[in-house]
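All remarks here apply to the structure that follows.
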Amino acid sequence: MEAQTATKSKTSYRIQRYYAYVLATIISLSVPFITINGNHIFLLSFDKKQLHLMGIAFDMQELYLMPFLLMLLFLGIFAVTALGGRAWCGWTCPQTIFRVVYRDLIESKLLGLRRIKNKQKEPNWSKAENASKRLIAIIIWTALSLIASANLMWYFVPPEDFFAYIQNPTEHWFLIGFVVATAGFLVYDVIWLKEDFCVYVCPYSRVQSVLYDDDTYQAIYSTKRGGDIYNDDKEKIIFKAKDLPNEADECTACESCVTVCPTHIDIRKGMQLECINCLECVDACTTVMGKLGKESLVQWSSTRTIEKGEPTKLIRKSTILYTVSLILIIGLLFVMGGKKEYMLLNVNKTTQLYKIKEGNVVANNFLFLFQNTDSKPHKYTLEVVDNKDIVIKKFRPFKLSPKKLAKKVVVLQTDKILVNDNTKDTPITVTIRAYAIDDPERISVFRKAVFIYPRADKLKK
């Protein structure tokens, strides 16, 4: 019964990973096409200088959300690492998904060049049949790389613009060049660089060990049951089953867990930065030990459970701190995102400080820059909210289309004596409200303007 149970689950992690890869692929391909009220779920457009997040468009002046998104990204990855090791690498990382597509699907399933259960043995490329099949594999992956590269670009150039741009390639050389260059890198990375990218290039592998603790879930070989395969100097002391020093040691030295590893490591050596937690070794050992009616020697577990026989602590200091931090960041992200302004307004004073007109009327000129960041047109107007003696002149309400800008010269003036000072000009701060006449509750912004009132001796008696 135990053997049957173990055998049934021999490919469980691999199958689960394949499901995760399919889900990640569907999400990455579909997200750029999903819009809410004309805005994308996620889009960082350098062309339009906008960030689209959950159907809300934030302009360049509102990119205060970016630090929160970056903190959410990094803290989220760190939290996942503290809980499940390099689960991101083995289950969601595009590099791993691309390698599985090329190695397991194209080379193994479609062309029959290798066995899925042996990641160490490379096909004999000197054979003419294998060489021709490899050429076909490269062509197939090149086509898929172009799709993947275009998919990446859709997060920076929306698909509707992307497909319009590529119809005129001579006018968009940078876009075309970026897509082709990225696809070229993916071809080199997946076919020739392979898992060396994870081992030598990716910085994540260098920081993973800092984030691990005794309760981090990872692929672990049980030396208590299987015996020591390596000594304290990481030198291999067991090569074959006959070399096993203790009859109680359950490891058969079949090395199935080694041949199946995509990063070419021996999990029995202990934690290594090359391990991406794909759990191929767990599946392999489950198959072998299942035939003997025993539980796998390599398990998806924690050091505390394997070495100390204690239950893994999911709720601990590190996970509590990560959870609190992520909740705070998400809360701040929603609060800041709720402050989205559907009209942007910059107020700048002209070079002329003031002008004194007939009848001691003092006027100050300002340049107002309006931007309609909403998805529909609005009609805007202005009012001074905190000084009834200063009025707005030479401004008429105007209509502005979505995503458009408009510059208006606005004159603030007064015929009242606001300050009686013969020594200096006096700055007076006034608050101006700009709002949409058709939607004043939702679209309303307040800006400060400094009105310069001249010293008394400049006014006519």
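Listed values, structure above:
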read-out	value
Percent RCO, i.e. relative contact order, over the chain, from Cα pairs under 8 Å lying at least 6 residues apart	15
Calculated over the stretch 332-438: convex hull of Cα atoms, volume per residue (Å³)	142
Ranking by accessible area, most exposed first, for PHE239, PHE42 with a 1.4 Å probe	PHE239, PHE42
Tilt relative to the chain, helix 317-337 - C-alpha long axis, 0 to 90 degrees, to 10	30
Helix-only [θ]222 nm of the chain, DSSP H runs n ≥ 4, -39500 (n - 2.57) each, per residue, nearest 500	-10500 deg cm²/dmol
Amide H partners (placed H, <5 Å) of LYS349, local residues excluded	LEU367
With every protein chain in place, the stretch 104-245: carbon and sulfur % of accessible area (1.4 Å)	62
Tilt relative to the chain, helix 280-291 - C-alpha long axis, 0 to 90 degrees, to 10	30
Long-range tail of P(r) for the stretch 378-461 (Cα pairs > 16 Å, %)	60
Of LYS119/LYS317; LYS403/LYS448; LYS48/LYS349; LYS294/LYS317, pairs whose Cα-Cα distance is over 30 Å	LYS119/LYS317; LYS294/LYS317
In the stretch 72-168, chymotrypsin sites (Phe, Trp or Tyr not before Pro) in a DSSP loop with at most 12 other beta-carbon atoms within 10 Å	TRP125
Volume per residue that the Cα convex hull of the stretch 143-240 spans, once the total is divided by residue count, Å³	194
Probe 1.4 Å, protein heavy atoms only - accessible area per residue of the chain in square angstrom	55
The chain: proportion of alpha-carbon pairs further apart than 30 angstrom, %	63
Folded to 0 to 90 degrees: helix 128-153 orientation relative to the chain principal axis, Cα	30
Heavy atoms of HIS264: accessible area, 1.4 Å probe, square angstrom to 10	110
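The values are calculated or read from the model by the stated rules, or taken from the named source; none is laboratory data. Model, not experiment: these values are computed from the prediction. Using ideal geometry, Cβ is built from the backbone for each residue, glycine included, and neighbour counts are taken over all protein chains shown. These accessible areas exclude ligands, DNA and RNA; they are computed on the full protein's heavy atoms, side chains included. Shrake-Rupley method; radii C 1.70, N 1.55, O 1.52, S 1.80 Å.
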